[in-house]
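Please read the structure below before turning to the comments.
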């Protein structure tokens, strides 16, 4: 009796657009089985959380890189746009696959999609095999001593460090066996790139999407920046952070790869490595929270905050979005975001605090803007971080902690280098006044060519009055919100 032909497997790429340390790809390739790599653009399943404009720009270039990397190893990437619950079974039938391997999603809509695709595959005699490609740990195995889930970062991080370490990363396959691929979409036909106008010039200058770009970013960070990371990571005017967040968000590098690289740096005595590992665990904590609280992107974790009397002021929201609030450190951050698709983490906290505290606008509005404009838009980190600032989330900043943007600017940007870079209207203003131009003497403003309310806005809110208003509104929620 002749040997039965080895059936191919589908590998369904999602937010894990790499070849190295890819558990689903490795599992599909076991015993030399042929593989058909697939990416499906499914905006229907994502609903409100379909990729925003900046993320779609990144996705286009990341898929270009992945397609080239796969082709170099002998396996074309099949692109399809549509409902994954229909497309994946259709492709499985077309190539005769009885297994589909994919990275399991931590996103609420992704988990629902996993179940729907698994059911659809079962109906056509195939199975969905999920693998952990985007998290360091299984979120169901990290439990408190009472069997509950963690809601405070420090005990969560201790549990992670006491857990069996993340597995060692696996190398990139040299060759990927495949079969004749089904028909593929043209990536350009998806129109992921902005057209009229093309606002992505700053993104192109700032970023190199793709697995090779991620590895270059990691190696540069380890070689040039890790030693001063702990001391300088909060200084927005310096290039002192890893900027790996978009590469991690799209899975162009695995968290295990970054973890073990940082651990090696720590063992080598790099002073910033321990702090960097802590930041990796904050990312993990956000994913953990989203896993156990699927409504995190829409609903406050602390129920009392559902009663919050947020303001509805489209003009103030638009001023914040455009970087026209009259508060220089906030405006600089919002303009950096628009120009580069990224904002320094310290400034993210300041800008977010200004929106939800001084302006008393809902954190969901800020989260939605970040979702659309960040190249590293990550539903877990975005939602958890905004709730942290608002005081409504896990391990949240207490409601009475309100960042003073002037003091933050003077502390972390003392000479105003960061502000001047993104708010050129203030470029000639004396450093003593660059973070509070409304406090500058008339002569200093005139010498710098500044007319408040004409070529740079006057503040849209008095900081002291905004702070008092916020404290009153948050206190009205009662002790349960504290």
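Remarks
- Restricting attention to the range 462-481, the residues being over 27 Å from residue 328 (Cβ atoms) and either in a helix (DSSP H, G or I) or modelled with pLDDT of 95 or more (or both) number 4.
- Flag if residue 270 is within 30 Å of residue 435 (Cα to Cα), assigned to a loop (DSSP other than H, G, I, E, B) and modelled with pLDDT under 95: no
- Condition check for residue 438: in a helix (DSSP H, G or I), in contact with a strand residue (DSSP E or B) (Cβ under 8 Å, 6 or more places away or on another chain) and either farther than 19 Å from residue 339 by Cβ or at pLDDT below 95 (or both): yes
- Which listed residue, of 367, 396, is at pLDDT below 95, in contact with a helix residue (DSSP H, G or I) (Cβ under 6 Å, 6 or more places away or on another chain) and within 28 Å of residue 15 (Cα to Cα): 396
- The residues of the range 103-135 that are without any contact (Cβ under 8 Å) to a residue 12 or more places away in the chain and within 22 Å of residue 297 (Cβ to Cβ) amount to a single one, 115.
- Unmet criterion (only one of (1) over 29 Å from residue 175 (Cα atoms); (2) touching a residue at least 12 places away in the same chain (Cβ under 8 Å)) for residue 70: (1)
- Evaluation of residue 309 against (1) surrounded by 20 or more Cβ atoms within 10 Å (Cβ to Cβ); (2) modelled with pLDDT under 95; (3) in a loop (DSSP other than H, G, I, E, B) (one fails), failing number: (1)
- Among the candidates 24, 20, 65, the residue that is within 24 Å of the chain's Cα centre (by Cα) and either surrounded by 24 or more Cβ atoms within 10 Å (Cβ to Cβ) or modelled with pLDDT under 95 (or both) is uniquely 24.
- Cβ-Cβ contacts under 8 Å between residues 6 or more apart (or on different chains), taken from a first residue in the range 47-66 that is closer than 19 Å to residue 78 by Cβ to a second residue that is part of a helix (DSSP H, G or I), are listed as 60/187; 60/190; 63/187; 64/187; 65/211; 65/212; 65/213; 66/211.
The values are calculated or read from the model by the stated rules, or taken from the named source; none is laboratory data. Keep in mind it's a predicted model, so treat the numbers as computed, not measured. Don't worry about glycine lacking a Cβ; one is built from the backbone with ideal geometry, like all the others, and counts go over all protein chains shown.
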